[in-house]
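Down below is the structure, laid out as structure tokens.
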Amino acid sequence: MTTPDPTQSRLPISLEFFPPKTPEGADKLTAVRQQLYPLQPEYCSVTYGAGGSTQDGTIQTVRAILAEGCDAAPHFSCIGASKASVREQLAQFKADGIKRIVALRGDLPSGYGGFGEFKYASELVAFIREETGSHFHIEVGAYPEMHPQARNPQADLQAYVTKVKAGADVAITQYFFNADAYFRFVEDAEKAGATIPVVPGIMPITNASQLIRFSDACGAEVPRWIRTRLEGFGDDKASIQAFGLDVVTDLCDQLRCAGVPGLHFYTMNQATTVKAICARLGW
């Protein structure tokens, strides 16, 4: 278990939420954010949500966060989009006071036959820069253990470098539990000329089956020693959460000691575990 070290400086953190689908969910998320704001996040990002096909919920949540006095960034997917629709959306972002964007390719909807005018996230980043100059601070995704749809690690790294050279400011990684994968990725990226900050994405462990399902889908490796311990706990939620808190806090401390530029928490719209991790880190 990690104990707070007062000599360690506090890292910048950011928080990721998904848009609620019901008024009750929106109220719950508002309460969660109020619990997390004392951590002084640099900004909050808002995803499309699982299977999201429109940005309505994303934008409503971003507007709420901005109104609460915190910076906010919508996840912005380009798959299937036209340049005209992206241009219109960027104008709306500006009108809403949005100054950050998490630029992603996104997943091709089931049964969708084409890519639209954008095939890669790098093309979206380049278009945002062409249209809006430096107005937006652009975050992009990074995959220390390789994007699940990449041909191989070399091709994945080249895709990342292309996004960076197109004008990205910062990268946020897919979550991981093997810090060496992150360090190796950053080293390889820098050797390839991509020198922007790479912020580790951090996934709290609170639900074993959900974590393994997510990880299998997104290509994040859950090391065997973690999997077997989680499986051994069965339905003992308290033990799973206590073990998960130890594992993720230790990972954050290892990353902090190595000098990472920040931590990006995948909150799953929950406050308790993120607060507990940060408390153990002395924040």
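Rounded to the nearest 20 Debye, what is the dipole magnitude of the stretch 13-280 about its Cα centre when Lys and Arg each give +1 and Asp and Glu each give -1 at the C-beta? Kindly include the intermediate steps, with their values, before the conclusion.
Values: 25 positive and 30 negative charges, 37 e Å.
Taking the Cα centre of the stretch 13-280 as origin, the dipole is about 180 debye.
What is the set of long-range amide H partners of Val46 at a cut-off below 5 Å, with H atoms built 1.01 Å from backbone N?
The list, which skips near neighbours in sequence, is Phe17, Ala73, His75.
To make sure I understand the rule: partners must be lysines, Cα under 29 Å from the Cα of Lys191, and not fewer than 8 residues away in the same chain. Which ones qualify?
Lys119, Lys163, Lys165
Using 0.36 nm per residue of separation minus the Cα-Cα distance, give me the extension gain between Lys99 and Ser239 in nm, one decimal.
Details: separation 140, 0.36 × 140 = 50.40 nm, distance 4.11 nm.
Stretched out fully, the Lys99 to Ser239 stretch lengthens by 46.3 nm.
Over all directions, what mean area does the Cα convex hull of the chain project, stated in square nanometres?
Details: hull surface 60.4 nm².
Its Cα hull, projected and averaged over all orientations, spans 15.1 nm².
Report the calculated FRET efficiency for Lys191 and Asp246 (r = Cβ-Cβ distance, R0 = 30 Å), to the nearest 0.05.
0.35
Calculate, in nm to one decimal, what Ser134 and Gln60 gain on full extension: separation in residues at 0.36 nm each, minus their alpha carbon distance. All intermediate terms of the calculation are to be shown ahead of the outcome.
Numbers: separation 74, 0.36 × 74 = 26.64 nm, distance 2.41 nm.
Contour length minus Cα-Cα distance gives 24.2 nm.
May I ask you to derive the FRET efficiency for Gln40 and Arg224 from their Cβ-Cβ distance with R0 = 25 Å, giving the value to the nearest 0.05? List each step's numbers first, then the result.
Values: r = 37 Å, r/R0 = 1.46.
The formula returns an efficiency of 0.10 here.
Given contacts defined as C-alpha pairs under 8 Å and at least six residues apart, what's the relative contact order of the chain, whole-number percent?
On the way: 445 pairs, mean separation 64.8, N = 283.
So the answer I get is 23 percent.
Please report how far the C-alpha centroid of the stretch 230-283 lies from that of the stretch 115-187, rounded to the nearest whole angstrom.
25 Å
Report the full-extension gain for the segment Lys83 to Cys257: residue separation times 0.36 nm, less the Cα-Cα distance, to one decimal in nm.
Working: separation 174, 0.36 × 174 = 62.64 nm, distance 4.28 nm.
Here the answer is 58.4 nm.
Can you find, among Pro144, Thr47, Ala179, the residue farthest towards the positive end of the dipole of the chain? Put +1 on the C-beta of Lys and Arg, -1 on that of Asp and Glu.
Thr47
No lab work stands behind these numbers, since they all come straight from the coordinates. Values in this document were obtained by computation on a predicted structure and should not be read as measured data. Reconstructed Cβ throughout: ideal geometry from the backbone, glycine too, with neighbour counts over all protein chains shown.
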